[in-house]
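The structure appears below as structure tokens.
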Amino acid sequence: MAEFSTVKYATQGATAVITISRPDAMNSFNTELRSDLMAAFRLADTDDGIRVIVFTGEGRSFSAGADLKGSLSIGSTVEQQLQEEYRPVFEMIMNTGKPVIAAVGGSAAGIGMSFALTCDLLIMAESAFLLAPFTTISLVPDGGLNWLLVQQLGYRRAFQLCIESERIPAPRCVELGLANRAVPANDLMTEALAWAESIAERAPLSISATKKAMRFALENSWGATYDIEAEMQDSLRGSEDCVEGVTAFFEKRKPEFKGK
């Protein structure tokens, strides 16, 4: 098992579990955490035995956001920090071919909310909540949160939610489409890992291509998305996993996908 000072990394079958581990600071982000997260996600991304990533936080908070007690590096600006330390982690989550499930057991606030919503799937404890508190400290939503919320909620609802610093409880997150599931707090990790295991049994090349196509569709036209779908389908049709899937279908058995 890999060792990091602010992140716990473990594997369970084909699932990697990445846990933010700064519970005494409500899992808030400092320079070390940003670096450790990047290394942990890179490790999961490059491990051929891993098919799904579960991303969670230790203790009562997924993440309270940026560590406001922390200081910037000498000569650094907040813009540089966002571009050079945070952005690579966000882009890794979006660009890895493996689905990332955020398991939020408590508060996900500020840029912690941005991380939760950047993940491909989101499961929350029923007592958990999302919060964009930026207008209470005279800052702007960051970590791509403006884009994420406008894409998912539309401008007016997203704007109101942020300027009023509205706390969004888990059931409401599911209702709004911000989260996929809300489960009892004691069942969160059991449910998240079971979900990951179920996904890991499906065709990994198909999941990776679907993620890529849907991320592409967020920012491109129907025609451009149609084109990339056709290209991907042509590539996948000749894969060993496609042959296995079709064969298993006709033989009425469970397919055994190898990611080839």
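Side notes on the structure shown:
- Matching entry among 247, 225 (being among the polar types (S, T, N, Q), modelled with pLDDT of 95 or more, more than 12 Å from residue 203 (Cα to Cα) and surrounded by 11 or more Cβ atoms within 10 Å (Cβ to Cβ)): 225
- Of the candidates 107, 127, 35, the single residue that is more than 25 Å from residue 153 (Cα to Cα) and more than 13 Å from the chain's Cα centre (by Cα) is 35.
- Any pair with Cβ under 7 angstrom, 6 or more apart, that starts in segment 88-106 at a residue that is in contact (Cβ under 8 Å) with a residue 40 or more places away in the chain and ends at one that is in a strand (DSSP E or B) and polar (S, T, N, Q): 103/56; 105/56; 106/61
- For segment 9-38, the tally of residues that are surrounded by fewer than 17 Cβ atoms within 10 Å (Cβ to Cβ) and on the phi > 0 side of the Ramachandran plot stands at 1.
- Matching entry among 78, 54 (being in the same structural domain as residue 116 (by TED's automatic domain parsing) and touching a residue at least 60 places away in the same chain (Cβ under 8 Å)): 54
- Complete set of residues in segment 60-70 that are in contact with a strand residue (DSSP E or B) (Cβ under 9 Å, 6 or more places away or on another chain) and either closer than 22 Å to residue 81 by Cα or modelled with pLDDT of 90 or more (or both): 61, 62, 63, 64, 65, 66, 67, 70
- Extreme residue, farthest from the chain's Cα centre (by Cα), among residues of segment 148-170 that are of a type in the set (Gly, Ala, Ser) and buried (at least 19 other Cβ atoms within 10 Å of the Cβ): 158
- Residues satisfying the stated conditions in segment 77-115, i.e. of a type in the set (S, T, N, Q) and either touching a Phe, Trp or Tyr at 6+ places or on another chain (Cβ under 6 Å) or within 17 Å of residue 141 (Cα to Cα) (or both): 77, 80, 81, 83, 107, 114
The values are calculated or read from the model by the stated rules, or taken from the named source; none is laboratory data. This is a predicted model, so every value here is computed, not measured. Neighbour counts are summed over all protein chains in view; Cβ atoms, including those assigned to glycine, are modelled from backbone coordinates with ideal geometry.
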